[in-house]
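Read the structure below first, then the notes.
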Amino acid sequence: MGPPVILAALFLFSFLPGRGNAAALCRNEGNTHLWISPRLPTNNRPLRILVTSRGVNPDNRITIISKRNGVATAVKGLQQEGLPHALDAPIERLAIGRYRILVGDPDSPMACAELNVQGRSAGAENHKIETYWPTLKDWDADHEDLYSAWVERLFDAPADEELGFRPLAEALRDPKRNALFDHLGLGEDAPNNRRALKAAPDCADLPYFLRAYFAWKMGLPFGMRQCDRGTPLRAPRCEGLATNADPIHATTPLDAFAQFSRLLANTAHSGSIRTALADENTDFYPIGLDREALRPGAVFADPYGHVLVAARWVPQKDGRPGLLFAVDGQPDASITRKRFWEGNFLYANNLASAGAGWKWYRPIIRSTNTPSAPLPHFSMVQSKLDADAFYARMGKLVNPAGMDAHTAYDETLNALHEQLQARVRSVDNGEQYMNANHDPVVEMPEGPRIFETMGPWEDYATPSRDLRLLIAMAVLENLPRRVVQHPELFQLKGQAPAEVARAVEARHRKQIVGRFIDYTRSDGSSFRLSVADILARKEALQVAYNPNACVELRWGAMPGSPEASPCRRHMPEAQRKKMAEYRKWFAEARRPPRP
């Protein structure tokens, strides 16, 4: 590990316009910026060169020139296709000395930086710890670009690869993913450091934690409000503002951020993000439905409390459909990647109890610790769209050229299959807990609180996930009807919408018998279910979210069937009666209003 570093900041260098300026001093101009991590580079540690641009995609050629002997070393960075454009180039080592870093053509670089690599004994910058972390600068467009690029890199993976972490710390401790790995030199992300961050945010904490972690590393202001959960007649409301500049007693910068992480976990909840779109006393504000606004890091709040963070766009090209990926957290601290579709992203703008949709973080001004203005990409467009119009608009954004109807069906089936695989893991986590604790009776909350509570029920019951799963199943089955209702979203190739819809129905009947999930039964054996099997069990899955029931019943097995034969654990009768009463919520695919 490198020496301790207190101040959280990166070197920021900028666009160098015009030819022949490679010999000039690097200046902070334009929309292309070059960043270096760690903050104090030393000769015994890797470093990272990052480039962000709101203009053209950065040239992946990087030249490192020693100022001592003029020797030039060429490296290539990894380009990220999204907006903002970004370039990531890990460097294994550099000797002690001063360097100039040029991006693109060395005779006419698009970005430039001066770099000083020190010896491994470089001293720490000391200061008295009086706040959670010092604020060194304000948020600006360049930091927002870097934040988006950092989020995209953290959760990057091929489109056809399943991606998940449990907990988030697994991603942060991977230097190939985390472009700010150990940026402060505290060993804050090192897997072998017992004092490293124990990052394990859940659903509502995830967007807050990602933003706070980045702000901590960069020395930026961060704040969050105390919000209630709203009522059936109004959205949540917030008051107060806790910030990184609040006074604190801590022994080390790492301990200070760990304390802030605990404050965050105790402050943030789904109501914090479901605030009304027009409310200005909030941590988030609504944004427009366009590619520039919906960049990695944008937050989606569904009206019932689930939260996702945009992570990566895959453009539609060469006959392949476009994709928008997001990540979400679960109460068991797992983080998974999901594609945008109706089954994962529930939307409604006609509920008085929630302000749903895409949002961005309301930045803080460091001098006053108050919300700043203007708000980039602010828009109230989502307040004017019902669910059907919202999904149609997002469909055109993800696939501007429209989709072949059969491809659209396949992608929808793939998305449902991903949800089923995620449920396999979630139910298995519950089984592990029950087995490790000798099958305790997990207390079941009353009424709507089954969707929001604390303790083992929140961690291992799946009412919210199962409600979304039932909605997703309906989306798949209703796709032929959507072809007729919204033919503009599909490439019909001269056919009538009704004719294409019938072909999609035939494809559906064939495909669902050939897609499977496997779950582990109570006796440790594996059991396979097709998507067709699961669709036929919709009614059973309306009451399958209770971890006190055996795993077979949680997958809708018929009591007394060969599949259910290993089952030995059953929920208490009082819980069974409550679930029968609450079944209507799942049958109607709607969450009840909060009390």
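Determine whether GLY187 is among the small types (Gly, Ala, Ser), surrounded by fewer than 20 Cβ atoms within 10 Å (Cβ to Cβ) and in contact with a Ser or Thr (Cβ under 6 Å, 6 or more places away or on another chain). No; evaluated as a whole, the condition is false for this residue.
Tell me, please, whether a residue that is crowded, with 23+ Cβ neighbours inside 10 Å and hydrophobic (A, V, I, L, M, F, W, C) can be found in segment 237-256. Checked segment 237-256: no residue is crowded, with 23+ Cβ neighbours inside 10 Å and hydrophobic (A, V, I, L, M, F, W, C).
On the stretch given as segment 446-491, residues that are closer than 30 Å to ARG502 by Cα and of a type in the set (Phe, Trp, Tyr) total 1. Of everything in segment 328-355 that is part of a strand (DSSP E or B) and in contact with a Gly (Cβ under 9 Å, 6 or more places away or on another chain), the residue that is nearest to GLY455 (Cα to Cα) is ILE335. Only a single item in (1) assigned to a helix (DSSP H, G or I); (2) exposed (fewer than 13 other Cβ atoms within 10 Å of the Cβ); (3) not charged (D, E, K, R) is not met by LEU469, and it is number (2).
Would you be able to tell me the number of residues in segment 256-287 that are assigned to a helix (DSSP H, G or I) and either free of Cβ contacts under 8 Å to residues at least 12 places away in the same chain or within 23 Å of PRO593 (Cβ to Cβ) (or both)?
Of segment 256-287, the ones assigned to a helix (DSSP H, G or I) are 256-267, 270-272.
Now restrict to residues that are either free of Cβ contacts under 8 Å to residues at least 12 places away in the same chain or within 23 Å of PRO593 (Cβ to Cβ) (or both): 262, 266, 270-272.
Residues that pass the stated criteria total 5.
Hey, which of the helices (runs of 4 or more DSSP H) in segment 481-595, taking only ones fully inside, have at least 1 residues that are in the same structural domain as MET434 (by TED's automatic domain parsing) and more than 30 Å from GLU452 (Cβ to Cβ)? Hits in segment 481-595: 497-511, 531-535. Might you check whether a residue that is more than 23 Å from ASP410 (Cα to Cα) and among the β-branched types (Val, Ile, Thr) occurs anywhere in segment 501-523? Checking segment 501-523: at least one residue is more than 23 Å from ASP410 (Cα to Cα) and among the β-branched types (Val, Ile, Thr).
Residue-wise test of (1) modelled with pLDDT under 85; (2) touching a strand residue (DSSP E or B) at 6+ places or on another chain (Cβ under 9 Å).
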| position | (1), (2) |
| --- | --- |
| GLY20 | yes, no |
| ALA24 | yes, yes |
| LEU34 | no, yes |
| VAL56 | yes, yes |
| ASP59 | yes, yes |
| GLY97 | no, yes |
| CYS112 | no, yes |
| GLN118 | no, yes |
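Can you find even one residue in segment 148-170 that is hydroxyl-bearing (Ser, Thr, Tyr), more than 16 Å from the chain's Cα centre (by Cα), buried (at least 17 other Cβ atoms within 10 Å of the Cβ) and at pLDDT 95 or above? Scanning segment 148-170, I find no residue that is hydroxyl-bearing (Ser, Thr, Tyr), more than 16 Å from the chain's Cα centre (by Cα), buried (at least 17 other Cβ atoms within 10 Å of the Cβ) and at pLDDT 95 or above, so the answer is no. For segment 557-573, name all the residues that are in contact (Cβ under 8 Å) with a residue 24 or more places away in the chain and either among the basic types (Lys, Arg) or surrounded by fewer than 16 Cβ atoms within 10 Å (Cβ to Cβ) (or both). ARG568, ARG569, PRO572, listed by residue number.
Within segment 158-187, residues that are within 22 Å of ALA333 (Cα to Cα) reach partners that are part of a loop (DSSP other than H, G, I, E, B) and among the polar types (S, T, N, Q) with beta carbons closer than 6 Å, at six or more positions or on different chains, in the pairs ARG166/SER334; LEU172/ASN178. Looking only at residues of segment 312-326 that are surrounded by fewer than 22 Cβ atoms within 10 Å (Cβ to Cβ) and charged (D, E, K, R), we find that the one that is nearest to HIS406 (Cα to Cα) is ARG320. Does GLY329 satisfy the condition of being under 13 Å from the mean Cα position of the chain (by Cα) and either on the phi > 0 side of the Ramachandran plot or crowded, with 17+ Cβ neighbours inside 10 Å (or both)? Considered against the rule, which asks whether it is under 13 Å from the mean Cα position of the chain (by Cα) and either on the phi > 0 side of the Ramachandran plot or crowded, with 17+ Cβ neighbours inside 10 Å (or both), GLY329 comes out as yes.
Residues in segment 61-86 that are assigned to a loop (DSSP other than H, G, I, E, B) and closer than 30 Å to GLY297 by Cα: 5 in all. If the condition is being in contact with a Cys (Cβ under 8 Å, 6 or more places away or on another chain) and either crowded, with 22+ Cβ neighbours inside 10 Å or more than 19 Å from ALA204 (Cα to Cα) (or both), then segment 280-304 contributes THR282, ASP283.
Total residues in segment 531-556 satisfying the condition of being free of Cβ contacts under 8 Å to residues at least 24 places away in the same chain and surrounded by 15 or more Cβ atoms within 10 Å (Cβ to Cβ): the figure is 7. Screening ALA95, ALA89, ALA113 for residues that are in a loop (DSSP other than H, G, I, E, B) and small (Gly, Ala, Ser) leaves exactly one candidate, ALA95.
Where residues in segment 506-519 are surrounded by fewer than 16 Cβ atoms within 10 Å (Cβ to Cβ) and touching a helix residue (DSSP H, G or I) at 6+ places or on another chain (Cβ under 9 Å), which of them is nearest to ASN435 (Cα to Cα)?
First, pick out the residues of segment 506-519 that are surrounded by fewer than 16 Cβ atoms within 10 Å (Cβ to Cβ): 506, 509-510, 513-514, 516, 518.
In the following step, the residues that additionally are touching a helix residue (DSSP H, G or I) at 6+ places or on another chain (Cβ under 9 Å) were identified as 509, 513-514, 516, 518.
Working: ARG509: 38, VAL513: 32, GLY514: 32, PHE516: 26, ASP518: 19 Å.
Ranking the candidates gives ASP518 first.
The values are calculated or read from the model by the stated rules, or taken from the named source; none is laboratory data. None of these values were measured; they are calculated from a predicted model. As a convention, Cβ positions derive from the backbone with ideal geometry for all residues, glycine included, and neighbour counts pool all protein chains shown.
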